[in-house]
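The values are calculated or read from the model by the stated rules, or taken from the named source; none is laboratory data. A quick note: this is a predicted structure, and the numbers were derived from the prediction, not measured. Note that each Cβ is placed from the backbone with ideal geometry, even for glycine, and that neighbours are counted across all protein chains shown. These area figures cover heavy atoms from the full protein model, side chains too; ligands, DNA and RNA do not enter into them. Shrake-Rupley method; radii C 1.70, N 1.55, O 1.52, S 1.80 Å.
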Amino acid sequence: MKITYCVDGLIEWHVMIKAGRVEIPISFTGGHLSGYGVSPAEFTTADPVLQHAVEDCSYFKSGRIRILRKYPDDNSSAPAEEYPPAVSPPAVIDVPDLASARLQLSRLTDIPPSRLRTRPDIEAAAEKHGIKLIIKP
């Protein structure tokens, strides 16, 4: 069985997984940023020894690494088993004033600044896109 593991919130991560007295280098890659969020970095393997090492490590046990999907055996016509995404914490934007908040939010969400005129407009757009704004008074 082939398993794809992922690391939420990162687009790339190179880690050494301990397996007994050896450390195995594993590279999670392929993540990307978009206006809608972050697609997680992934690592796929069909090696049962590697799967056991990953699932026995502290990163997996703490939830930092999680299973994204499991693929059935190659001779099966069953689809891959998908796992729901973990709830990621909202992005936090710390800005000195309302004008900076408007520009940052516009840049991250592709909302035109003309639609972000008032503080309630800015806060509503941030909440809709899962962004936590900290605007200093």
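The charge dipole of the chain, taken about its Cα centre with unit charges on the Cβ atoms of Lys, Arg (+1), Asp and Glu (-1) only, comes to about 540 debye. The lysines whose alpha-carbon is closer than 21 Å to the alpha-carbon of Lys61, local same-chain residues fewer than 8 away aside, are Lys2, Lys18, Lys70. Against the set (1) 117; (2) 101; (3) 133, the structure's computed volume of the Cα convex hull per residue in Å³ falls on (3). Compared with the direct C-alpha span, the chain from His14 to Ile134 gains 40.0 nm at full extension, assuming 0.36 nm per residue.
Short to long, the 5 Å bins of the Cα pair-distance histogram for the stretch 89-137 hold 5, 26, 40, 24, 6, 0 percent of all pairs. Ordered from largest to smallest accessible area (heavy atoms of protein chains, 1.4 Å probe), the residues Lys136, Lys18, Lys70, Lys2 come out as Lys18, Lys136, Lys2, Lys70.
Counting only residues at least eight positions apart within a chain, or on another chain, the lysines with an alpha carbon under 25 Å from that of Lys136 are Lys128.
For Glu82 and Glu127, compute 0.36 nm times the residue count separating them, minus their Cα-Cα distance, and round to one decimal in nm.
Contour length minus the Cα-Cα distance gives 13.4 nm.
Entry note, the chain: relative contact order of 22 percent, from Cα contacts under 8 Å with a spacing of 6+ residues.
Placing a label point 7 Å from the Cα of Lys61 along the Cα-to-Cβ line, the residues of the stretch 13-45 whose backbone N sits under 14 Å from it are 18-20. Counting only DSSP H runs of at least 4 residues, each contributing -39500 (n - 2.57), and dividing by the residue count of the chain, the helix-based mean residue ellipticity at 222 nm comes to -7500 deg cm²/dmol.
A simple rule links phi to the HN-Hα coupling: the Karplus curve 6.51 cos²θ - 1.76 cosθ + 1.60 with θ = phi - 60°, which for the stretch 95-109 gives 10, x, 7, 5, 5, 5, 4, 4, 5, 5, 5, 4, 5, 7, 10 Hz, with x for Gly and Pro. With the whole protein complex present, His32 retains an accessible surface near 100 Å², based on a 1.4 Å probe.
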